[in-house]
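Below you'll find the structure, written out as structure tokens, and then a few comments.
The values are calculated or read from the model by the stated rules, or taken from the named source; none is laboratory data. Note that the structure is a prediction, hence the values are computed from the model and not measured. Here the Cβ positions follow ideal geometry from the backbone for every residue, glycine too, while neighbour counts run over all protein chains shown. Just so you know, the surface numbers come from the protein's heavy atoms only, side chains and all, with ligands and any DNA or RNA stripped out. Shrake-Rupley method; radii C 1.70, N 1.55, O 1.52, S 1.80 Å.
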Amino acid sequence: MAEELLVEGDAKGNGQLTRSLLAVAFLSSFGSSMLYGYNLAVVNSPAQYIKAFYNASITETHHWTPDEKFLTILYSLTVSVFAIGGMVGALLVAKLVTRYGRRGTVVRSSMLVFIGGALMAFSRGCGSPAMVIIGRFITGVHSGISLSVVPMYLGEIAPKTLRGFLGLIPSIHICLGVFIAQVLGLHELLGKEENWPLLLSLGMFPATVQVMLLPWFPESPRYLLIDKGNVHATIAALKWYRTKGNIQAEIDEMQEEQRSLSSVQSVSVWGLIRDRCVRWQVISIIVVNVGMQLSGIDAIWYYTNEIFKNAGIPEPHIQYTTVGTGAIEVISGVLGCFTIDRLGRKPLMIGGFLFMGICCAGITVSVLFQAELWFMRYISVGCVVGIIAGFCIGPAGVPFLITAELFKQSHRPAAYTVAGCLNWLSNFTIGFVFPFLELATGPYCYLIFCVICLGVAIYTIFIIPETKNKTFMEISQMFASRNNVLEEELTSNGHLKMAMMNGYGTLSQYDEKYEIE
């Protein structure tokens, strides 16, 4: 039966970008990653209206007028509670993807968008600031799940020659989401006071499209074979995503990884941390994911208008300047997507972080001297644009991509849980602390971001190997010497007895119920 699914032909076809691969990459990113970017930036434009709503609601309900400091704290909570939800979502990733699969988790988690969106849409009519905050929290849970699961899903369905390109499509959609939020937040569109609940809840539309269409696409072949042992579904999924070419080599590579695993069960977070075979991989994802958020990019996204105001940009022009930065984000993301499989992961990471570090230092210098030198305000804006461009070219998407690449199937869900939790914890820290950090240190706060960016770049240069065009097993073997592990420990497993599957790869003993007759 399975040989009927076998796609005969030239194996060269496996590395080509097919319509089905492109469609699932854009669809999964459109209803998930884009919403992450949208929700990051959407609170920036209506900030004064949200504060005014909080002030009016609290005054009417509690007969008490809050001061500006209290409103600032409440607004900071509104901004940063999104990251708290994201951290909760990240904690759920390992269990969800093991139980429901990669695609199944993306589809099911979309229900959270409708709940959170409805709360925010009706918050003003109900006069409840709590509905805004809870809605932001729930949409944050969705983003915490999808931000890890979508790159995992795309990384597992992509051929190794296209893993970089498909892996950065979510980062393009993150940038696109930020840009859409900035455009819709213009006063001429939805930037008026009466429209802010609608602006906050528009994410329900992309989620609807995703829920309607994504279930028609197959699950990750690696999940179907290694986690579920379903050979027939694996071959069918590969046939769907490859359309032509001999998939023999991919089946062999998956089964080689399967044989290397001491267990087909997913490793827990604690098991991941204790496993010496992946010690430096764990350290690497911690460094790049924490560094990505502490680079200062979230401070730029959350408080763009305030930064431009402090830089001396006239207030009527700020919203248009912000939209311009959003367009640069999208262009930079597309540039990174089309160059990653040519240049590799390391050059984009190193170049991005170094450029961001230089621009962070540039903001500090320009703000300090803008009173004496009139042109410094334009340098400040240019440095903000430089940080955004540097981030979107590499650091925006590569950390999520290499989190998938550095680990084998059994360790991947736990790795995404660790990376996601640290990513969101850092996101929350910046979102909540930055306004107070800026008040305390002034422009010198950007020097902190500069040091972090340079540190991550140096770590990447000396520790993280290039993973371009490497299989997951080859990448694990590249870390073997650094982890003081023999390569035999990574590639051998005496617990699995293999049987031939009618000449189509090999089939492990526990999968005999799927063996072709």
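What longest range of the chain stays clear of loop-exposed chymotrypsin sites (Phe, Trp or Tyr not before Pro) (DSSP non-H/G/I/E/B, at most 11 other C-beta within 10 angstrom)? Longest run free of exposed loop sites: 65-373. Think of it as helices only: each DSSP H run of n ≥ 4 in the chain is worth -39500 (n - 2.57), and spread over all residues that comes to -22500 deg cm²/dmol at 222 nm. In the stretch 16-81, the inverse of the mean reciprocal separation of distinct Cα atoms equals 14.6 Å; this is its Kirkwood hydrodynamic radius.
One quarter of the convex hull surface built on the alpha carbon atoms of the stretch 87-191 amounts to 7.9 nm², the projected area averaged over directions.
Across the alpha-carbon atoms of the stretch 124-257, the computed radius of gyration and Dmax are 19.9, 61 angstrom. Given R0 = 41 Å, the distance between the Cβ atoms of residue 320 and residue 95 translates into a calculated FRET efficiency of 0.35.
Extent of the stretch 1-151 along its three principal axes (Cα atoms, max minus min coordinate, largest first): 75, 29, 24 Å.
Between residue 469 and any residue 5 or more places off or on another chain, the built amide H atoms are never under 5 Å apart.
With all protein chains kept in place, the per residue accessible area of the chain amounts to 39 square angstrom at a probe of 1.4 angstrom. Computed from the Kirkwood radius of its Cα pairs, the Stokes-Einstein diffusion coefficient for the chain at 10 °C and 1.306 mPa s stands at 67 µm²/s. Taking the 0 to 90 degree range and rounding to the nearest ten, how far is the long axis of helix 248-260 tilted relative to the main principal axis of the chain, both from C-alpha atoms? Orientation of helix 248-260: about 80 degrees from the principal axis.
Proximity of backbone amide H atoms, modeled 1.01 Å from N, is registered between residue 101 and no other residue at under 5 Å, excluding neighbours fewer than 5 places apart on the same chain. Taking 0.36 nm per residue of separation and subtracting the Cα-Cα distance, full extension of the segment from residue 130 to residue 194 would add 21.2 nm.
Taking R0 as 45 Å, what FRET efficiency do you get between residue 65 and residue 378 from their Cβ-Cβ distance, rounded to the nearest 0.05? According to the calculation, E is roughly 0.65. Measuring against 19 Å, Cα to Cα, the residue pairs 408/468; 51/192; 239/408; 95/346 contain 239/408; 95/346 as the ones spanning a longer distance. Rounded to whole Å, the principal axis extents of the Cα atoms in the stretch 414-473 read 49, 25, 14, largest first. Against the criterion of solvent-accessible heavy-atom surface with a 1.4 angstrom probe, 87, 152, 212 sort, most first, into 212, 87, 152. Sticking with the crude label model, points 7 Å out along Cα→Cβ, report the distance from residue 283 to residue 474 in nm, one decimal please. Reported label-point gap for residue 283 and residue 474 is 2.5 nm. Across all C-alpha atoms in the stretch 316-384, the radius of gyration and Dmax reach 14.9, 45 Å.
Taking every alpha-carbon pair under 8 Å whose residues sit at least 6 apart, the stretch 190-285 reaches a relative contact order of 16 percent. Volume of the convex hull of the stretch 350-431 (Cα atoms only), normalised per residue: 86 Å³. Between 0 and 90 degrees, the angle of helix 315-343 with respect to the longest Cα principal axis of the chain falls at about 20 degrees.
In this structure, residue 209 and residue 368 have a Cβ-Cβ separation that, at R0 = 51 Å, corresponds to a calculated FRET efficiency of about 0.60. Spacing of the modelled spin labels on residue 26 and residue 56, each 7 Å from Cα toward Cβ, amounts to 4.1 nm. Rolling a 1.4 Å probe over the protein heavy atoms of the chain, with every protein chain left in place, gives an accessible area that is 66 percent carbon and sulfur.
Summarising the label geometry, the points placed 7 Å from Cα in the beta-carbon direction at residue 73 and residue 447 lie 3.0 nm from one another. Helix 279-293 and the longest principal axis of the C-alpha atoms of the chain enclose an angle of approximately 30°. Towards the positive end of the charge dipole of the chain, with charges on Cβ (+1 Lys, Arg; -1 Asp, Glu), say which of 86, 32, 349 has the farthest Cα. Working it through, the farthest residue towards the positive pole turns out to be 86.
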